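**Student:** Attaching a single structure in structure tokens format; questions to follow.
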Amino acid sequence: MSKQRPPLTKQQKTGLRVAAGLLPILAIIIAIGAINEKNAPPPSAATTTEAATEQEPVEAAAEPKPASAEPEAGAVLTVENNEDFAALLAAVEDHDLFKEFAAKYQGRTIEFGGTIAAMNQHGDSKTRYDILVFAGDRIESGVTGPNFQFKDVNITSDLRLTGSNIPDTIGVGQKLRITAEVEGYAEDTDLFLLDPVSTVVR
């Protein structure tokens with residue numbers, strides 16, 4: 001003999017009626033959501049591009065560093081590889097510049113084309129000379145750079161003449177390719193002193 005279920009209470013009956021009334025509303029909400037999702041526009045190209053950019057950042061290429069104009073320590077200084085030396089040879093009676101360059105590069109070797117502007121015997125010696133050299137090919141008008149001097153030098157041994165064209169004698173107006181060590185700048189005489197390393201007759 002089956003047991004009979006107890007009759008529903010008033011509260012249970014009320015709950016069933018509320019649930020039955022909510023079902024149609026819930027079905028409508030689900031249907032509207034499905035329609036909105038179907039009709040939603042695709043993401044714009046700008047949005048897609050922006051999202052891709054955020055996910056895969058691209059590093060900017062590093063700018064190449066300019067090559068240094070300063071040669072390596074111990075290298076011979078020329079107008080091509082040293083801006084200070086180029087400025088020195090282009091200066092006109094800039095005694096402060098001459099002094100600064102001589103102090104900064106004392107002991108360094110420079111190379112340039114020059115011309116003998118004056119040549120005098122050193123003291124009472126007949127074989128030793130003080131030789132004044134100007135940068136470039138002129139010794140009169142338009143001369144630039146300091147008054148370079150080889151002081152108390154012997155032409156045969158101290159100038160260290162090299163090359164295929166070594167003359168028996170040299171004098172004023174002789175064009176040279178000079179490689180020399182910077183000794184210093186004498187302010188009282190306005191002479192930029194050099195110690196010859198090698199001298200090529202041009």
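**Student:** With a 10 Å radius around each residue's Cβ, average the other Cβ atoms per peptide and rank 165-173, 78-86, highest first.
**Tutor:** Ranking the peptides 165-173, 78-86 by packing returns 78-86, 165-173.
**Student:** Considering the options Thr115, Leu97, Ser164, tell which one lies farthest towards the positive end of the dipole of the stretch 91-182, charges being +1 on Lys and Arg and -1 on Asp and Glu at the Cβ, about the Cα centre.
**Tutor:** Ser164
**Student:** Still on this structure, please answer the following. Let's test the formula: R0 of 25 Å, r as the Cβ-Cβ distance of Ser141 and Lys99. What FRET efficiency results, to the nearest 0.05?
**Tutor:** It comes to 0.50.
**Student:** Across the stretch 86-98, in residue order, what do the Karplus-derived ³J(HN,Hα) couplings come to in whole Hz, using 6.51 cos²θ - 1.76 cosθ + 1.60 with θ = phi - 60° and x for Gly and Pro?
**Tutor:** 4, 5, 4, 6, 8, 6, 10, 6, 9, 5, 5, 5, 4
**Student:** Let me ask something else about it. With a ≥ b ≥ c the root eigenvalues of the C-alpha gyration tensor of the stretch 130-197, is it rounded (a/c under 1.5), prolate (a/b larger than b/c) or oblate?
**Tutor:** oblate
**Student:** State, to one decimal in nm, how far the label point of Thr189 lies from the label point of Asn81, with both points 7 Å from Cα in the Cβ direction.
**Tutor:** Inter-label distance under the simple model: 3.1 nm.
**Student:** Given a cut-off of 24 Å, name the pairs among Lys99/Lys126; Lys99/Lys151; Lys126/Lys151 whose C-alpha atoms lie farther apart than that in the structure shown.
**Tutor:** Lys99/Lys126
**Student:** If you count only protein heavy atoms with a 1.4 Å probe, what accessible area per residue comes out for the stretch 77-145, rounded to a whole Å²?
**Tutor:** 55 Å²
**Student:** Rolling a 1.4 angstrom probe over the protein chains, ignoring ligands and nucleic acids, what is the accessible area of His95 in square angstrom, nearest 10?
**Tutor:** The accessible area comes out at roughly 80 Å².
**Student:** Another question about this same structure. Heavy atoms only, probe 1.4 angstrom, no DNA, RNA or ligands counted: give me Lys126, Lys175 ranked by accessible area, highest first.
**Tutor:** Descending accessible area places them as Lys126, Lys175.
**Student:** At a probe radius of 1.4 Å, what is the per-residue accessible area of Leu97, in Å² to the nearest 10?
**Tutor:** Around 40 Å² of this residue is reachable by solvent.
**Student:** Further question on the same structure: From the gyration tensor of the Cα coordinates in the stretch 98-175, what semi-axes in whole Å does the equivalent ellipsoid have, largest first, with each one equal to sqrt(5λ)?
**Tutor:** They are 21, 16, 14 Å, listed largest first.
**Student:** Of Arg177, Arg138, which has the most accessible area and how do the rest follow, probe 1.4 Å?
**Tutor:** Output order, biggest surface exposure first: Arg138, Arg177.
The values are calculated or read from the model by the stated rules, or taken from the named source; none is laboratory data. These numbers come from a predicted model, not from an experiment. In this analysis, Cβ positions are derived from the backbone assuming ideal geometry, glycine residues included, and neighbour counts consider all displayed protein chains. Side chains included, ligands, DNA and RNA excluded: accessible areas come from the protein's heavy atoms. Shrake-Rupley method; radii C 1.70, N 1.55, O 1.52, S 1.80 Å.
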